[in-house]
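Where a number appears in this text, it was derived from the coordinates with a stated rule and is not lab data. If you're wondering where the values come from, they're calculated on a predicted model, not measured in any experiment. So basically every Cβ, Gly included, is an ideal-geometry build from the backbone, and we count neighbours across all protein chains shown.
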């Protein structure tokens with residue numbers, strides 16, 4: 001098998017706080033190839049953003065400590081790489097966009113200056129050339145009147161336009177991997193559709209690997225090629241988008257799909273998942289989902305099910321995965 | 001869902017307007033314009049019914065909730081509760097009215113006082129309305145309420161920070177139920193919650209409605225959530241209702257271009273239909289409510305806009321072959337969501 005573009009393997013992260021050690025990531029595996037979209041799906045606290053921050057090398061430390069695993073870009077280990085090398089990769093090869101564009105952008109500089117900053121420091125461009133390139137990038141992400149707006153400050157843009165500015169900024173150095181952390185969560189639905197279309201177009205055009213982090217099962221169904229579902233700091237299911245929605249092979253994924261209201265049907269009653277996600281300082285023994293799982297058996301309280309590959313190429317971290325596949 | 005009684009309107013809203021002045025100057029304030037947050041909204045809410053109000057941020061749906069709660073005075077218009085003018089009430093009468101209309105707020109983290117115990121929060125309505133529960137019975141009443149919303153009655157002495165987001169929202173619901181209201185205004189009650197918790201709270205709202213015969217005005221931006229809970233739905237854009245009808249009419253045969261665009265933008269959690277769906281992509285952003293476009297407010301983003309849209313404001317009426325009121329000169333029913 002060819003080396004994947006970006007690969008995360010067995011990643012473990014702890015947050016050491018005054019109240020004890022929170023096991024935030026407990027062995028995360030995923031990979032993304034050029035030209036494909038991997039969706040990382042999970043609720044708040046499942047570890048999806050921490051994984052992304054660790055990949056980018058912007059994990060806050062302390063309290064975050066990487067205790068194991070590996071992150072490889074084109075086969076090159078990142079966790080042990082020299083800080084200078086990591087800086088080089090950041091932005092240039094792996095770029096990231098965040099949920100809240102207003103707090104991710106600096107309010108005192110013009111957007112043109114902020115987009116151009118990378119070009120000046122990394123590519124040694126002059127101020128004028130960098131601004132020219134910034135105009136092109138703003139144009140590319142569909143900001144009308146880019147030439148005038150390049151001198152505007154972030155607060156002069158609407159939420160959707162700010163997210164476009166951030167996308168433009170992430171594209172400045174032509175990265176191969178783009179990590180989008182909840183890029184549309186703060187946006188209205190009509191604007192969300194615009195931004196998702198833009199991301200899909202850019203990704204197809206540049207043949208980038210896109211990691212889309214989200215909690216929205218609808219957004220995932222519209223854009224993803226593959227999905228990794230996270231729960232309590234682990235991937236619990238991994239499959240291509242069609243098989244995952246047609247036949248979820250982990251009780252958590254199954255329960256999630258049954259618990260969301262859908263716009264295309266009225267539905268009668270939602271089957272809610274009982275209980276709460278576990279506290280990361282006290283993850284239950286065995287399968288972390290067992291206290292909320294309708295299928296839980298004795299074994300589930302003792303054995304931690306590994307993320308096992310099933311015959312169809314998908315994987316699931318459930319002891320009963322094979323029964324679930326059979327339906 | 002229990003069948004709502006459509007013959008008895010509990011709450012009638014008639015041409016309600018709320019403008020906020022935009023002022024400049026520090027000492028000598030000068031009004032330079034008005035934010036037309038709610039600009040002529042009319043609807044009726046019936047007994048046992050859920051009326052969903054959807055719209056994007058800035059469309060005036062939360063201002064509407066605040067005016068209905070009498071937290072903000074209206075600029076003009078009338079609201080009648082059981083036929084009586086809500087804004088004419090003062091003193092004791094107003095207090096009695098407040099008992100009947102309660103609100104559940106969006107953010108369960110900021111809407112509960114962190115220094116009060118759950119018992120104090122849920123029991124506070126009884127301090128203001130002492131005739132509802134005599135002093136000796138209050139603790140018992142609060143525990144009953146906690147039980148009704150699915151919280152452990154023994155947790156009455158805990159503080160809000162000891163609860164999760166979903167549980168806090170249940171506390172907010174218990175507080176709203178304390179005075180046995182007839183109408184509960186739900187302002188984005190589940191949007192701050194995780195997906196797996198959302199369903200629990202939505203099911204709770206549904207059960208409570210059946211048990212107590214409540215009427216809900218359910219305000220949300222999430223079209224899927226609104227569809228799930230509502231009997232009828234009103235779509236708002238820039239301070240006006242652009243389309244109103246039953247859940248089936250709005251989602252199955254929307255006739256206003258804005259509703260159609262909204263529905264086509266909502267992601268459907270089914271990858272099998274993604275290629276087949278009709279897509280309408282709006283360009284640009286919502287115009288400023290300080291200076292809304294002339295005529296139809298949606299015309300600047302509408303693909304159907306013609307000359308008439310610029311000069312004449314379309315009324316919210318049933319047109320031609322339509323089945324429900326729509327504020328568009330070119331209203332035409334269209335099916336956008338894949339049927340399953």
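Points to keep in mind about this one:
- Taking only the alpha carbons of segment B:1-128, we obtain Rg and Dmax values of 17.4, 56 Å in that order.
- Classification of segment A:265-327 by its C-alpha gyration tensor yields an oblate form. The axis ratio a/c (a ≥ b ≥ c) is 1.5 or more, and b/c is at least a/b.
- Normalised alpha carbon radius of gyration of segment A:203-252 [divisor 2.2 N^0.38 Å]: 1.20
- For chain B, adding -39500 (n - 2.57) for each run of n ≥ 4 DSSP H residues and dividing by the number of residues yields -8500 deg cm²/dmol at 222 nm.
- Considering only A:239, A:81, A:52, the Gaussian network model of chain A with Cα springs below 10 Å gives its largest mean-square fluctuation to A:81.
- Based on Cα contacts under 8 Å between residues 6+ apart, segment B:1-137 shows a relative contact order of 24 percent.
- Chain B: C-alpha gyration tensor shape, a/c 1.5 cut-off, then a/b vs b/c: prolate
- Residue by residue along A:189-202, Cβ atoms of other protein chains within 10 Å of the local Cβ number 4 on average.
- A straight line joining the Cα centroids of segment A:163-185 and segment B:155-181 runs 40 Å.
- Remark: relative contact order (chain A) = 21 percent; criterion is Cα-Cα distance under 8 angstrom and separation of 6 or more residues.
- Counts of other chain beta carbons within 10 angstrom of each beta carbon in peptide A:270-278 average 5.
- Nitroxide proxy distance, nm - points 7 Å out along Cα→Cβ at residue A:153 and residue B:272: 5.3 nm
- The Cα trace of segment A:62-213 gives Rg and Dmax of 15.9, 48 Å, the first to one decimal, the second as a whole number.
- Highest-fluctuation residue, A:180, A:134, A:82 considered, GNM on chain A with Cα pairs under 10 Å: A:82
- Computed lengthening from residue B:15 to residue B:120, 0.36 nm per intervening residue step minus Cα-Cα distance: 34.0 nm
- Antiparallel DSSP beta bridges within the protein assembly as shown, as percent of all bridges there, nearest 5: 60 percent
- Computed from the Cβ-Cβ distance with R0 of 22 Å, the FRET efficiency linking residue B:313 to residue B:76 stands at 0.85.
- Cα shape, segment B:133-218, gyration tensor, a/c 1.5 rule: oblate
- A P(r) calculated from all alpha carbon pairs of segment B:87-236, with 5 Å bins opening at zero, reads 2, 9, 19, 22, 21, 14, 8, 4, 1, 0 percent.
- Gain upon complete extension [residue B:26, residue B:290; 0.36 nm per residue less C-alpha separation]: 93.0 nm
- Within segment B:68-153, the proportion of C-alpha pairs whose separation exceeds 21 Å stands at 45%.
- Diffusion coefficient of the protein assembly as shown by Stokes-Einstein, Kirkwood radius over Cα pairs, 20 °C, 1.002 mPa s: 79 µm²/s.
- Altogether, the Stokes-Einstein calculation at 4 °C and 1.567 mPa s, with the Kirkwood radius of chain A over Cα pairs as Rh, returns a diffusion coefficient of 62 µm²/s.
- Segment A:69-216, relative contact order in percent, only Cα pairs under 8 angstrom and at least six apart counted: 29 percent
- Difference of contour (0.36 nm per residue) and Cα-Cα distance, residue A:77 to residue A:139: 18.8 nm
- Here the peptides B:164-177, A:290-303 are ranked by packing, the mean other Cβ count within 10 Å, and the order with the highest first is B:164-177, A:290-303.
- Tail fraction, Cα-Cα pairs, segment A:1-101, threshold 16 Å, whole percent: 59 percent
- Protection proxy ranking, peptides B:263-269, B:92-98, average beta carbon neighbours within 10 Å, highest first: B:263-269, B:92-98
- Label point distance in nm, residue A:271-residue B:159, each placed 7 Å from Cα along Cα→Cβ: 4.0 nm
- Counting every pair of alpha carbons in segment A:177-327, the share spaced more than 19 Å apart comes to 59 percent.
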